[in-house]
1. Mind checking the full-extension length gain between Phe123 and Cys8? Use 0.36 nm per residue of separation minus the Cα-Cα distance, one decimal, nm.
2. Report, please, the projected area of region 63-126 averaged over directions, based on the convex hull of its C-alpha atoms, in nm².
3. I need the shape label for region 271-310. Rule: rounded when a/c is under 1.5, else prolate if a/b > b/c, else oblate, with a, b, c from the alpha carbon gyration tensor.
4. What number, rounded to the nearest 500 deg cm²/dmol, is the helix-based mean residue ellipticity at 222 nm of the chain, given -39500 (n - 2.57) per DSSP H run of at least four residues and division by all its residues?
5. Could you give me D for region 1-104, from Stokes-Einstein at 4 °C and 1.567 mPa s, where the hydrodynamic radius is the Kirkwood radius over C-alpha pairs? Units µm² s⁻¹, please.
6. Can you tell me the FRET efficiency between Arg102 and Glu198 if r is taken as the Cβ-Cβ distance and R0 is 45 Å, rounded to the nearest 0.05?
7. State log₁₀ I(q)/I(0) for region 105-182 at q = 0.15, 0.22, 0.24, 0.25 Å⁻¹ as given by the Debye formula over alpha-carbon point scatterers of equal weight, solvent excluded.
8. Report the Cα centroid-to-centroid distance between region 238-310 and region 23-91 in angstrom, as an integer.
Amino acid sequence: MKRLAQDCDVEVWPKADPPTPASLRSAAEGVDGLLTLITDRVDRELLAQAPSVRIVSQMAVGYDNIDVAAASERGVLVTNTPGVLTETVADLTFALILGWARRLPEGDRVVREGRWPSWRPAFLLGRNVHGKTLGIVGLGAIGEAVARRAKGFGMRVVYNSRTRKAAAEAELGLEWRSLPELLAESDYVSLHVALTPETKGLIGAAELALMKPDAVLVNTARGGVVDQEALVEALEEETIGGAALDVFAVEPLPPDDPLLMLDNVIVAPHAGSATVETRSDMCDLAVDNLLAFFRGERPPCCVNWRDVRG
C-alpha cells in the first residue's frame, strides 16, 4: 500500500472480511484500478457500474472471481500473480499428502488429549508415500513442482494434462494417462487445474468411482473442481480411502459441513500460498502490475492483453 500511495490515491477496504458485492460496486465507482482478492467478485454488473475502471489486479494466480470476458469487452485489463506461489503451493500439497498418509492431525490430537498409549505395533498406522503412484491432474507450473517433490520421495508419477509435456516426461520420468486411467492407477490423486467452465465439477461421482478403494484425493486447486456432495458420499461409503483438502465449494467451510464429521479427511483453510515470503511476493507483483499500467507500460502478468490491446 505504501508503494501504491507514492503514485496513486489509495482507498483500502478497512475490514478483515471481504466487502459485500454492493459495497465493492460502490467503492469501484470513479476509480481507475482495483486490487482484488479471490473473495472479490468482479462481474459484468460491477464493470457497468464503474466504467472508470481500466485495470483489475488480482492478488492470486487464479481469477475465476473475475468475469474476464466482460472486462475484455470493456477494454479493462486483468492481471494476476503467477509464478511467485508455485513452490509454496507445491509444498502445501505435499504436506497434505504426508499429513494424511501418516495421520498427523490425528496423532497431534492423541498426544494433546492424553490418549497416547504405550508402544503398540498396530497403533496409529498410516500409509507409505514412497513407492506409491501419484496422479497429477493438470501439469502446469504447480503440478510440475509437485511432481519434482514426488520423485524425490521415490514415487511413480502419472499425469493428465490438455497437452503432453515431453520435456517434463524426459526430465522426471512422468507418464501421461487419460483421466480415467490416471484415476484407476493412482494411490494419491492431486488436482492442479484452474477453475473454468470446462473443469467445474471435473471430479464427480463417476470419476470418484474409478479410484482405488484406498486412494486419496488431494485438492489445492479450487473447490469447484470437485463435486463436494459426491466426494462426501464417496468418503462416507469408503469407496475411496480419504481426502486432503485446502479448498472447498464454500469458503470459509461451515462448521457443520459433513466433511468435518469424517475421520478420513484432513482440511486446511485455503493456505496454499500462506507463507510470509510468498504472500509478500504476491503483494509486490500485484502492485507491480498496477504501477506498470499507470506508467503506460504492459503489466508483467496480464491475463487478457491480446484481447484488449490486440
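The values are calculated or read from the model by the stated rules, or taken from the named source; none is laboratory data. Since the structure is predicted, the reported quantities are computational estimates derived from the model, not experimental observations. In this analysis, Cβ positions are derived from the backbone assuming ideal geometry, glycine residues included, and neighbour counts consider all displayed protein chains. For the accessible areas, the whole protein counts, side chains as well, though only heavy atoms, and no ligand, DNA or RNA atoms are used. Shrake-Rupley method; radii C 1.70, N 1.55, O 1.52, S 1.80 Å.
1. 35.4 nm
2. So the mean shadow area of the Cα hull is 7.2 nm².
3. Values: a/c = 5.21, a/b = 1.99, b/c = 2.62.
Oblate shape, in that a/c is at least 1.5 and b/c is the bigger or equal ratio.
4. -10500 deg cm²/dmol
5. 84
6. E(calc), rounded to 0.05, equals 0.80.
7. So the normalised log intensities are -0.62, -0.91, -1.04, -1.11.
8. With region 238-310 and region 23-91 each reduced to a Cα centre, they are spaced 13 Å.
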